[in-house]
Amino acid sequence: MKLVVSKTAEAIKDSGTGGGGLINRSGIYDVKINYVQVSESKNGAYQLNFNVNHNGMDQTIWGPYLTSKEGKVNEITQNLLNRLCIIAGMDDGQEIETEEAEFPVGREQKMMAMQVIPELSDLSVKMRIQMEYGLWDNNIQERKNIKAFYREDGATAAEAESGENIGRRLAIDEEKYATNVTYNDGLTEADVQEWIQSRIKGNASATAEKPAPTSKPTAKRPLFGK
């Protein structure tokens, strides 16, 4: 199985759903994507993880799964990735490939080899994040969901291809969706705010990662290559 960039109208159509440097609330952010990691889980599912820089601070946004453990492609994630590839300037029909590079991870900044999509490294974009909260083992869990990407000038993939109405979709998203938050499992905004304040008081905020220059990349391979 392989993925290629698609510039058909259906593939790139715009969807309406979908303070300091640390990204920790819903909003639309100007970021530089340091790299997009394609991570394979123990059960064989593929996940996209985005290491980004916002206002001088680096952090990893643990992204959506691209495939299930059975290998079925998640169409929502595929469409998100496809639109980002178009914003990055990739060509119609171009295969999305990965190459191995090393980046520092964790508090100790230990160098780790990973598979990344090279065309998406060092890419400046706008990114819409929607916070989501739920319960797991009776504890509140927080997730940052990537809903959309836009070119630096505000163009979506569809607008970039047509050259028309640049920034129209961004303006709609800013007005209607940018501050949306998802609360699951009966949680309320008050519950989450109390939990956030308790974390602040307990100095439990996460330390951002700081990626270093990559090692010499290896040859590209198919996105789902071994």
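Per the listing Gln59, Gln37, the residue uniquely in a strand (DSSP E or B), modelled with pLDDT of 95 or more, of a type in the set (S, T, N, Q) and crowded, with 19+ Cβ neighbours inside 10 Å is Gln37. Among what's in region 155-174 and is small (Gly, Ala, Ser) and surrounded by fewer than 18 Cβ atoms within 10 Å (Cβ to Cβ), pick the residue that is nearest to Gln193 (Cα to Cα). Among those that are small (Gly, Ala, Ser) and surrounded by fewer than 18 Cβ atoms within 10 Å (Cβ to Cβ), it is Ala171.
Taking region 64-93 as the range and being farther than 19 Å from Arg151 by Cα and touching a helix residue (DSSP H, G or I) at 6+ places or on another chain (Cβ under 8 Å) as the test, the residues that pass are Pro64, Tyr65, Leu66. Here Val4 does not qualify as within 29 Å of Ile166 (Cβ to Cβ), of a type in the set (A, V, I, L, M) and under 13 Å from the mean Cα position of the chain (by Cα).
As a summary of the residue check, Ile146 satisfies the conditions (1) out of contact with any Asp or Glu (no Cβ under 9 Å at 6 or more places or on another chain); (2) at pLDDT below 95; (3) on the phi < 0 side of the Ramachandran plot; (4) of a type outside the set (S, T, N, Q) except for the one numbered (2).
Return the residue satisfying two criteria in turn: it lies in region 40-51 and is crowded, with 17+ Cβ neighbours inside 10 Å and under 15 Å from Lys147 (Cα atoms), and of such residues it is nearest to the chain's Cα centre (by Cα). Looking at residues that are crowded, with 17+ Cβ neighbours inside 10 Å and under 15 Å from Lys147 (Cα atoms), I get Phe50.
Identify the residue in region 95-140 that is over 20 Å from the mean Cα position of the chain (by Cα) and outside any strand (DSSP E or B) and, among all such residues, is modelled with the lowest pLDDT. My answer is Arg107.
For the condition closer than 18 Å to Val125 by Cβ, surrounded by fewer than 16 Cβ atoms within 10 Å (Cβ to Cβ) and either acidic (Asp, Glu) or at pLDDT below 90 (or both), Asp30 qualifies. Screening region 62-92 for residues that are aliphatic (A, V, I, L, M) and surrounded by fewer than 17 Cβ atoms within 10 Å (Cβ to Cβ) and picking the one that is farthest from the chain's Cα centre (by Cα) gives Val73.
Considering only residues that are touching a Gly at 6+ places or on another chain (Cβ under 9 Å) and either in a strand (DSSP E or B) or of a type in the set (Asp, Glu) (or both), which ones fall in region 68-94? Of everything in region 68-94, just one residue is touching a Gly at 6+ places or on another chain (Cβ under 9 Å) and either in a strand (DSSP E or B) or of a type in the set (Asp, Glu) (or both), namely Glu70. Just one of the numbered conditions (1) surrounded by 13 or more Cβ atoms within 10 Å (Cβ to Cβ); (2) in a helix (DSSP H, G or I); (3) modelled with pLDDT under 95 is not true of Pro217: (2). Give the residues of region 141-164 that are among the hydroxyl-bearing types (Ser, Thr, Tyr) and assigned to a loop (DSSP other than H, G, I, E, B), sorted by residue number. Answer for region 141-164, where residues must be among the hydroxyl-bearing types (Ser, Thr, Tyr) and assigned to a loop (DSSP other than H, G, I, E, B): just Thr156. A single entry from Arg128, Arg151 fulfils the requirement of being touching a Phe, Trp or Tyr at 6+ places or on another chain (Cβ under 9 Å) and either surrounded by fewer than 16 Cβ atoms within 10 Å (Cβ to Cβ) or more than 28 Å from Lys42 (Cα to Cα) (or both): Arg128.
The values are calculated or read from the model by the stated rules, or taken from the named source; none is laboratory data. Note that the structure is predicted; figures quoted are calculated from it, not measured. Please note: Cβ atoms are built from the backbone with ideal geometry, for glycine as well, and neighbour counts cover all protein chains shown.
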